[in-house]
1. Could you work out the mean projected area of the convex hull around the alpha carbons of the chain, in square nanometres to one decimal?
2. What size of dipole, in debye to the nearest 20, comes out for region 117-225 about its Cα centre when the only charges are +1 on Lys and Arg C-beta atoms and -1 on Asp and Glu C-beta atoms?
3. Specify which residue in the list Val221, Ala193, Pro117 is farthest towards the positive end of the charge dipole of the chain, using unit charges on the beta carbon of Lys, Arg (+1) and Asp, Glu (-1), about the Cα centre.
4. Computed from the mean reciprocal separation of all distinct C-alpha pairs, what Kirkwood hydrodynamic radius does region 1-53 have, in Å?
5. If I build a Gaussian network model for the chain, linking alpha-carbon pairs within less than 10 angstrom, which residue out of Val178, Val74, Val63 has the largest mean-square fluctuation?
6. With springs only between Cα atoms under 10 Å apart, run a GNM on the chain and tell me which of Ala157, Ala148, Ala16 wobbles the most.
7. To test your reading of the geometry: what angle, between 0 and 90 degrees and rounded to tens, separates the Cα axis of helix 154-172 from the longest principal axis of the chain?
8. Just need the relative contact order of region 45-116 here, percent rounded to a whole number, with Cα pairs under 8 Å and 6+ apart.
Amino acid sequence: MIASVVAPGECQVWWAGPRDHPEETLLSVLSEPELERAARFRREPDRRRFLTGSWLLRTASAVQFGIRPEEVVVDRSCPDCTRYHGKPRVRARGFPLHVSVSHSEDRVAVAVTAEGPVGVDVEAVPADPVDDLARCALTEAELTVLEAFPQEDRYEAFAKVWVRKEAALKATGHGLRVPPTEVAVSGPAEDPALLSWPLDIPPESLRFRVLSPGSGYVAAVAVITDRPVEAVEFHLPAARADFARGPVPGPLAGVA
């Protein structure tokens with residue numbers, strides 16, 4: 001599948017690994033604020049995931065605008081403080097593009113769409129018991145559903161619920177400023193759906209799609225729109241530095 005400009009009714013999700021590309025490739029297209037933020041990470045894995053996410057955001061956006069990744073204007077200003085950590089916004093040539101970035105362990109995802117505000121979330125399936133975390137993140141009804149699963153299946157079941165909540169709140173830009181216990185979603189064995197939340201946006205306006213991040217991970221994307229949305233996934237091959245320089249990348253291994 002060839003990466004192309006996002007089509008009407010489509011949300012593209014681009015995948016990469018934090019060690020797939022040379023660091024100089026990642027650094028070569030980033031802005032000064034992005035480089036300054038990267039330098040503040042204390043843990044190298046966290047820094048590498050941020051660099052990869054920033055590079056992938058620019059690479060995916062550049063395809064949409066027909067420009068070079070370093071020419072994409074990325075705004076991460078926070079509405080609540082002066083730190084450069086807000087929901088990313090991109091601008092170029094008046095083209096309306098909504099974006100979102102997520103990463104966990106060895107997975108980095110970027111979602112791009114023209115349909116409406118978007119949120120993507122990927123999580124590694126927890127290796128430790130999730131009962132305490134679930135009590136802080138799930139509604140009473142969601143806890144009841146989770147506790148019906150065998151103990152060994154609760155890890156993935158919890159992660160499936162969590163990514164739906166995260167994707168929904170990232171789409172609005174609220175993130176965890178809205179307590180996740182106030183966001184109700186469908187159960188892990190059901191099609192993803194937002195049931196209720198304390199925001200003015202009607203729950204039925206959230207269009208979810210389950211993604212394919214690979215074994216040991218779960219992921220979902222949510223788009224705020226009144227139209228059906230198809231998710232198209234692109235998995236970038238490792239060590240292709242030319243993706244960082246040209247406006248349109250070559251063939252990608254993609255799954256719909």
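Please treat every number below as a calculation from the coordinates, not as lab data. A quick note: this is a predicted structure, and the numbers were derived from the prediction, not measured. Cβ coordinates were reconstructed from backbone atoms using ideal geometry, including for glycine residues, and neighbour counts include every protein chain displayed.
1. Details: hull surface 53.1 nm².
Mean projected area for the chain: 13.3 nm², to one decimal.
2. Details: 9 positive and 17 negative charges, 94 e Å.
Magnitude of the dipole: close to 460 debye.
3. Pro117
4. Details: mean 1/r = 0.0777 Å⁻¹.
Here the Kirkwood hydrodynamic radius works out to 12.9 Å.
5. So, out of Val178, Val74, Val63, the one fluctuating most is Val178.
6. Ala148
7. Taking Cα atoms only, the helix is inclined about 60 degrees.
8. Working: 98 pairs, mean separation 19.3, N = 72.
After rounding, I find 27 percent.
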